[in-house]
Structure formats: structure tokens, C-alpha cells
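Heads up: the structure comes next, in C-alpha cells.
Every number here is computed from the coordinates shown, using simple stated rules; none is lab data. Quantities reported herein were computed from a predicted structural model and do not represent experimental measurements. Please note: Cβ atoms are built from the backbone with ideal geometry, for glycine as well, and neighbour counts cover all protein chains shown.
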Amino acid sequence: MIKGTRICLTEVRGEDSETMYRWINDAETVRFNAPYLPVSWANHSAWFDGLGKNPSRVVLAIRGIEGQAIIGIIQLLDIHPVHRTAELTTRIGDDRHRGKGHGTEALKLAISFAWRDLNLQRIWLRVFAANTRAIRVYEKAGFTTEGTLRRAAWIDGQWVDELVMAVLREV
């Protein structure tokens, strides 16, 4: 467990599966960072059962310190063993947990974990240019914009730009 002041990052647990299945099938939530496509229970279960089996991926649950119920996830994807880089994705699953600083705290904890325990030196992400709320959270956690991918995604009937952001480990 990686403890913060209001949240902690833990392993994903079996009882988290149904909640995560609801999140991935909530069109409004998914459209914050991806095109919406319904996910079947069988596909979700196969993904869920594969957690922890791929050394190039770390999936952490975001939980409140007190209740320990899952409120989101952070993933470090495509961890490169030579370049020491990873792509980050994050999701606060339920609107009632957004806007309370949980995402910022979770990002800072995940970045610290990546530097200290995984020996990474660069973490990058993509975010829709219109998602100003997420961009502010990423900036608070130390990410800076590196570039714009124009018309990079088809979301909810329109083309959207994506920003590439990254944070580098201080040497």
C-alpha cells in the first residue's frame, strides 16, 4: 500500500471487478479519455484476470484512506526496461469523487512510486486538449505539455486534439 493523506494506492482486488466493469461501460466517463465502445463481461473478465501477469504494466487501485473502496485506477503501461519510460492512464470512476484533489494526490503518489520503486525516468500521457480539468491536475502533478496531436481521436461524433504531456525524474 502506498499511503497519502486522503487516498492510498493498492493492488486491484477481486471485489473491484464489478465496479471497474461499470466504469468502462459508462459512456460519459469513458469519453473523458477514449472513444466509447461497450465492453462485454467476458472481455472485461479476461482483462481483469490478466492483471499482474504482464511485467510491462502496473495497475494500481485508488482508494480512500478510510473506506478502502475503490474510487479510481492508475496504470503505468508499456514500461520500457531500457529507456525506463512508461505511459500513464488514470480514471476517477465516479463523479462524486472528482474535483476533490484525489486525482492529483494519486498522480503524485504514482509518480513517486515510479521513480523510487520502478526506477523510471520519464512518464508520459495523452489527454484531450478540451479536457482542461484533467490538464490542470496533470500540471499540478508536474507534467508539462510536449506537443499536440491534431485531430487524433474521434470522440462523440467529432475530431479532437490530444496533448502529449510528460514528467521527468530529476537527476
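How about segment 49-147: which GluC sites (Glu not before Pro) there lie in a loop by DSSP and see at most 16 other Cβ atoms within 10 Å? Here the sparse-neighbourhood loop sites are Glu66. By the combined test of axial Cα extent (at least 18 Å) and Kyte-Doolittle hydropathy (mean at least -0.5), the qualifying DSSP H helices of the chain come to 102-116. If one computes the Cα centroid of segment 135-169 and of segment 2-16, what distance in Å separates the two points? So the two Cα centres are separated by 26 Å.
Size of the dipole of the chain about the Cα centre, Lys and Arg at +1 and Asp and Glu at -1 on the beta carbon, nothing else charged, in debye to 20? Could the numbers behind the result be given before it?
Details: 23 positive and 20 negative charges, 88 e Å.
Approximately 420 debye in magnitude.
Calculated mean residue ellipticity, 222 nm, the chain: -7500 deg cm²/dmol, from DSSP H runs (n ≥ 4) at -39500 (n - 2.57) each, averaged per residue and rounded to 500.
Please check the chain for the longest run free of trypsin sites (Lys or Arg not before Pro) that are loop-located per DSSP (anything but H, G, I, E, B) and have at most 16 other Cβ atoms within 10 Å. My reading of the result: 101-168 is the longest stretch.
Listed options for Cα Rg over 2.2 N^0.38 Å are [x] 0.95; [y] 1.99; [z] 1.00. The value calculated from this structure is the one marked [z].
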